[in-house]
Amino acid sequence: MMSGGDQEPGHYYVGIDVGTGSVRAALVDQRGVLLAFAEQPIKKWEPQFNHHEQSSEDIWAACCLVTKKVVQGIDVRRIRGLGFDATCSLVVLDKHFHPLPVNYEGDSSRNIIMWLDHRAVSQVQRINETKHDVLQYVGGVMSVEMQAPKLLWLKENLRETCWDKAGHFFDLPDFLSWKATGVTARSLCSLVCKWTYSAEKGWDDSFWKMIGLEDLIGDNYSKIGVIGADVRGHGLACEGQPVTSRLAVICGTSSCHMGISKDPIFVPGVWGPYFSAMIPGFWLNEGGQSVTGKLPISKSLGFYLPSLSPVIGFWLTYSQNCHQDPLPLLCSMEHACACILHSTEIDHVVQGHPAFPELQAKATARCQSIYAYLNSHLDLIKKAQPVGFLTVDLHVWPDFHGNRSPLADLTLKGMVTGLTLSQDLDDLAILYLATVQAIAFGTRFIMEAMEAAGHSLSSLFLCGGLSKNPLFVQMHADVTGIPVVLSQEVESVLVGAAILGACASGDFTSVQDAMARMSKVGKVVLPRHEDKKYYDKKYQVFLRMVEHQKEYSAIMNGT
């Protein structure tokens, strides 16, 4: 096994990123430089409210298409590894690996329950009522986005057409690695984070029996499965400190907040601690915000911050199982970033405003994205004060799709206070700013919960589609009061996936070695401490908003 410094020149790795709305691929060299890029949209269905489905065959075809594009003209002997990252969606196949329907219509082409699907609300409530010991490792309560409630929903609603015929339930990244290698082995990351598997103790039979899924236990659970950049020279507080002082925020369709520790830390409302689910030997806590970037509305591991590695990916080498495969392959867990679709908390707010057509027209005339135009418009109207002060009378609670962390309450709704009769472009820009700030306050809320439980965090490593928005980045620095680190490579999601393949290839001695050699800090955004008092006040308003929402709910429910 060679170290990074001993590699032959011209080694390449392919990273494949399966997001909520598209599949992307990149060809990356051993320095972490992206050399080629391709993207292909994938299909989504919403047959009814809260039901979101995809097709594994459509996704795999898109994977093949973009991979062929990025390796075109390359000597395939120089491609040393392939890495996947994907959303934590549930793929259902029969005993012969054919798709099974996850819908009442019996359409077997739609065989994926997407990560953001909320059909299993009653199932997750019943699971949480068991108060089983495994729940302490998912923040005390299980999320409707995890796989156990989805499996229970299938058993209770599609017994004959799906459940009784099922032979294999895959997390999407594990499905992709099976398609690429023919090996059904699952990634530890997926099993630990979304299926209640313990890297120390294995499966807990009593949990599956208690929730009514004892039929998965048979045949040794055969149906469901058998953070490190060099920051020196940037003046960061985390320089010289352990990697546990860094929080990675992967922000796209939803946001994930990834923090690691040497010992298990139990944070109420924050998933984990998961042992070895991200970096071997470390415990992972994963906070999150649902649909911060793009939420599909009736019709939206990944930015694996290479600066912290495949931040949500656990490396899985097949060297023991698939010597016949032309490429070593690694698979990772939940992508949750870089899922750039149409509509979300931010998109929903902007696109639903009466001034949106005017915004579109003006942005098009300037050949800008609507968000680049909004950012520049905010600079025009801010006058003498900092841009963030424009929202002094406008406040947003951003949980339009429920709160994932740290409240773990999927019943919460979004809130806006301070609305006026104004419907012009200034009003739209300020509402957009307040929504961006609200997401940053959500990050601060999660950070404070993690620190109260024992984490010590001194820097944010921000990644994903929203990390390309300078306003979003600066607001996170200002609101949290700590530096935000960005990767040098803009398409870091894909580089992170390629790092997984690079590690599997044997060209690096460890995951950490591959991370350090293939990732570079591109920019550090510092908080404007002179604005701290303002954001502290807005944060107090932010916390009060959820208190009031709970009071309103109690009044209406008569409690």
Given K201/K262; K44/K538; K69/K95; K131/K179, the pairs whose alpha carbons are separated by over 28 Å: K44/K538; K69/K95; K131/K179
Virtual spin-label span in nm between Q540 and R31, 7 Å along Cα→Cβ: 5.2
With every protein chain in place, the range 6-96: carbon and sulfur % of accessible area (1.4 Å): 51
Rough spin-label spacing in nm, given labels placed 7 Å along Cα→Cβ, for D393 and D263: 5.1
Calculated Rg and Dmax of the range 519-559 using C-alpha coordinates, Å: 18.3, 55
Gained length - D219 relative to F97, 0.36 nm times residue gap less alpha-carbon distance: 42.2 nm
Cross-link reach list, lysines versus K150, counting only Cα pairs under 17 Å and skipping chain neighbours closer than eight places: K165, K194, K209, K223
Whichever lysines have a C-alpha closer than 16 Å to that of K43, once near sequence neighbours (fewer than 8 apart) are set aside: K294, K299
Reach of K537 by Cα under 18 Å, taken over aspartates and glutamates that are not fewer than 8 positions away in the same chain: D393, E448, D478, E547
Sequence ranges 15-21, 438-444, ranked by mean other-Cβ count within 10 angstrom, highest first: 15-21, 438-444
Gyration tensor verdict on the range 137-203 (Cα atoms; rounded if a/c is under 1.5, prolate if a/b is larger than b/c, oblate otherwise): oblate
Efficiency of FRET from Cβ geometry, S276 and S122, R₀ 51 Å, rounded to 0.05: 0.95
Computed lengthening from T411 to A554, 0.36 nm per intervening residue step minus Cα-Cα distance: 50.2 nm
Rounded if a/c under 1.5, otherwise prolate or oblate - the range 1-138, Cα gyration tensor axes: prolate
Sum of side-chain charges, S206 neighbourhood, beta-carbon under 14 Å (Lys, Arg +1; Asp, Glu -1): -1
Positive minus negative residues near K69 (Lys, Arg vs Asp, Glu; Cβ under 15 Å): -1
Shape of the range 416-506, Cα gyration tensor, a/c cut at 1.5: oblate
Highest to lowest packing among 58-69, 105-116, scored as the average C-beta count within 10 Å: 105-116, 58-69
Highest average packing first - 24-32, 346-354, Cβ atoms within 10 Å: 24-32, 346-354
When the convex hull of its Cα atoms is projected in every direction, mean area for the range 387-432 (nm²): 4.0
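The values are calculated or read from the model by the stated rules, or taken from the named source; none is laboratory data. Keep in mind that this is a model prediction, so the values were computed, not measured. Positions of Cβ are generated from backbone atoms using ideal geometry, with glycine treated the same way; all protein chains shown enter the neighbour counts. Just so you know, the surface numbers come from the protein's heavy atoms only, side chains and all, with ligands and any DNA or RNA stripped out. Shrake-Rupley method; radii C 1.70, N 1.55, O 1.52, S 1.80 Å.
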